[in-house]
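Novice: Once you've had a glance at the structure underneath, I'll fire off some questions.
The values are calculated or read from the model by the stated rules, or taken from the named source; none is laboratory data. Keep in mind it's a predicted model, so treat the numbers as computed, not measured. All Cβ positions, glycine included, derive from the backbone under ideal geometry; neighbour counts span all protein chains shown. With ligands, DNA and RNA removed, areas are computed over all heavy atoms of the protein, side chains included. Shrake-Rupley method; radii C 1.70, N 1.55, O 1.52, S 1.80 Å.
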Amino acid sequence: MEAFFAWLNSIIWSNALIALCLGAGLWFTFRTRVMQVRGFAEMCRLTVTGQKSDAGVSSFQALAISMAGRMGIGNIAGVATAIAYGGPGAVFWMWVMGFLGASTSYIESTLAQIYKEKDAEGRYRGGPAYYIEKAMGLKWYAMVFAIATIVATGLLLPGVQANAIADSASNVLCGGGTGCAAVGGMGAMKLWIGLGVAALLATIIFGGIKRIATFAEIVVPFMALAFILMAVLVMILNADKVPGMFADIFSSAFGAHAAFGAIIGQAIAWGVKRGIYANEAGQGTGPHAAAAAEVSHPAKQGYVQAFAIYFDTMLVCTSTAFLLLSTGMYNTFQVVKESGRDALVPVFTGVPGLQPSEGAQFTQAAVESVLPGWGAGFVALALFFFAFTTIMAYYYMAETNMTYVAGIRRTHPLATLLLRLGIVGMVVFGAYHNAEMAWTLGDIGVGLMAWLNIIAILILQRPALIALRDYERQKKLGLDPTFDPDALGIRNADFWRKGR
């Protein structure tokens, strides 16, 4: 079974998807006239303004929900995995994906706002399934995306986050595997941790979107700031190694580094792959939260979600990368064929014995090397908050797509209950299962959504671009922009026609 999932993952994450992600980001950057640079000040302003209502959340709360989904295990373990397979050069390609992905995020999030609607309970709902049906007129395509997202965010992706929580926490509590005899060993400890996380998750998701938004609004900014400050402290303490770190990143990104030159292809592939996993630009997850925001113009939330990519990739992911590279606490392997099978050949070993799938432990080792005694515990705590809020956001995305499948009918209470129990169960399963299998399933989920969503937004980009030009025109006139789809020739944006 594991061999089948590994094969399926290799098909989904072929070079075609890597090229599609980079190509889409480059195209949207051109079509928006580099809005991620021109509109940076506006992104920052809109992030801290806006209002909320009984039907929707504020722009900042929508940002917090989407950031909860973006800032997960990919920001800590995922970065370590990218470096393990692609060398320091993978960090550069993560930056490239982050820069280009900001424009992709603008397109998909603005589309989600344009085509959002109210559900049977009066709450804002939207996302790729909604804009695929309304703008493309392809109900079957929208249904395929909705079902793929329910499976991915409700079953496949939560296990990755839970596994990382259990792995990092048990590494601290068990002292590397020697201190958990009283509870039955490392495996039993991971199971208990999984049960604890599942119980806490249940108390949040059974409270609905308002409780999720409130929790994310408080926790996400705090945990991100604390982690960034930790990275800055470690870099200050290792200031003499920082110039060499940057040299390694740029030289290995283009194959010029003597040690990492042979894996330039892996650097690009893993930089893009983990970049998407971390910031989720184009994956189709961010638009779900974007649609829930109360704004006067769809482009406003597009700007806010573009800023989310900068924050996630350029600050949080970069902080992890700098922790690893400035301390030398990372391993890099080259994938080679031996007897017809893939084998890992060490290129650089900073932490002997750790495998690429054990990404969180690399970050723990990095902080522990500078701040012995409590560094590993700090990373475990940070990773818990990162991963837990991501699981919480995954539930919201799965629930939104269940609402879409239900249509004008109210989602059946039994279906909602089964979804909640399913995601809670997958948290326990993921915590106990091996990391490699969890990552494989997570990659499959991310890849499926990315294929479906990026193709859709490449076809549907025009309304988002019209909204951008309209927003900029009104700003030049000194107005607080409002949205009139009829005046702009945008069809099927029913919410903006009826709801204003």
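Novice: Tell me whether the range 244-254 contains one or more residues that are small (Gly, Ala, Ser) and modelled with pLDDT under 85. First the steps, then the outcome.
Specialist: Looking only at the range 244-254, we keep the residues that are small (Gly, Ala, Ser), and these are 244, 247, 251-253.
Pick out the ones that are also modelled with pLDDT under 85 and you get none.
Looking through the range 244-254, none of the residues is small (Gly, Ala, Ser) and modelled with pLDDT under 85.
Novice: Helices (runs of 4 or more DSSP H) wholly in the range 1-49 with at least 3 residues that are closer than 20 Å to Thr110 by Cβ, modelled with pLDDT of 85 or more and open to solvent by 80 Å² or more (accessible area, probe 1.4 Å) - which ones?
Specialist: Working: elements: 2-12, 15-31, 35-38, 40-47.
Filter on the range 1-49 gives 15-31.
Novice: List every residue pair whose Cβ atoms lie under 6 Å apart, where the two residues are 6 or more positions apart in sequence or sit on different chains, the first residue falls within the range 317-338 and is of a type in the set (Phe, Trp, Tyr), and the second residue, located anywhere, is open to solvent by 10 Å² or more (accessible area, probe 1.4 Å).
Specialist: Phe322/Met235; Tyr330/Gly350; Phe333/Leu344; Phe333/Pro346
Novice: With respect to the numbered conditions (1) open to solvent by 10 Å² or more (accessible area, probe 1.4 Å); (2) modelled with pLDDT of 85 or more, which one is the sole condition not fulfilled by Gly261?
Specialist: Only one criterion is unmet by Gly261, namely (2).
Novice: From Ala142, Ala181, which residue is crowded, with 22+ Cβ neighbours inside 10 Å and either farther than 21 Å from Asp443 by Cα or at pLDDT 85 or above (or both)? Walk me through it before giving the result.
Specialist: Details: Ala181 fails: crowded, with 22+ Cβ neighbours inside 10 Å.
Checking each option against the conditions leaves just Ala142.
Novice: Give, as residue ranges, the helices (runs of 4 or more DSSP H) completely inside the range 264-370 that count at least 2 residues that are closer than 28 Å to Ser251 by Cβ and open to solvent by 10 Å² or more (accessible area, probe 1.4 Å).
Specialist: Numbers: elements: 264-279, 286-291, 298-309, 318-327, 359-370.
It comes to 264-279, 318-327, 359-370.
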